[in-house]
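Peer 1: Let me begin by handing over the structure; questions about it come next.
Only the coordinates and a few stated rules stand behind these numbers; no lab work does. Predicted model only: the values in this text are computed from it and were never measured. Counting neighbours? That spans all protein chains shown, and the Cβs are built from the backbone with ideal geometry, glycine included.
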Amino acid sequence: MSDQEILARIKQLVEDERELRAKAVAGDIDHVAERQQLAQLEVMLDQAWDLLRHRRALAEFDEPVDDALPNSPRQVESYWQ
């Protein structure tokens, strides 16, 4: 997966989040479902950003960027903010 593909994935996830929030405002989705889906989207976004940062760090040190693999949701969500 290239950086451009990761950025496109991030863009799509952000759009999905906007659509979900719009559905919630319109009352087309219940609060519990909204929160669950938002939590899933946030984890996927965190994973995508983490992978992109990892690839960029490898590139900075002339390492093969394709060696970067997505970290698990558990690992990404345990990072200190």
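Peer 1: Under 10 Å, Cα contacts only: if you run a Gaussian network model on the chain, which one of Q12, Q36, Q47 comes out with the highest mean-square fluctuation?
Peer 2: Q36
Peer 1: Positive end of the dipole of the chain, charges at C-beta (+1 Lys, Arg; -1 Asp, Glu), about the Cα centre: which of A68, L20, S2 has its Cα farthest in that direction?
Peer 2: Result: L20, furthest along the dipole toward the positive end.
Peer 1: Along the range 51-58, what does the Karplus equation 6.51 cos²θ - 1.76 cosθ + 1.60 (θ = phi - 60°) give for ³J(HN,Hα), rounded to whole Hz, x for Gly and Pro?
Peer 2: Ordered by residue, 3J(HN,Hα) equals 5, 4, 4, 5, 4, 5, 5, 4 Hz.
Peer 1: Rounded to whole Hz and in sequence order, give me ³J(HN,Hα) for the range 33-38 from the Karplus expression 6.51 cos²θ - 1.76 cosθ + 1.60, θ = phi - 60°, writing x for Gly and Pro.
Peer 2: Result, ordered by residue: 4, 4, 4, 5, 5, 5 Hz.
Peer 1: Volume per residue, Å³, of the convex hull around the alpha-carbon atoms of the chain?
Peer 2: Hull volume normalised by residue count: 98 Å³.
Peer 1: Using the Cα centre as the reference, give the magnitude of the dipole from point charges on the C-beta atoms of the chain (Lys, Arg: +1; Asp, Glu: -1; all else neutral), rounded to the nearest 20 debye.
Peer 2: 240 debye
Peer 1: Please list 3J(HN,Hα) in residue order for the range 3-8, calculated via the Karplus relation 6.51 cos²θ - 1.76 cosθ + 1.60 where θ = phi - 60°; whole Hz, with x for glycine and proline.
Peer 2: The phi angles translate into 4, 5, 5, 5, 5, 5 Hz.
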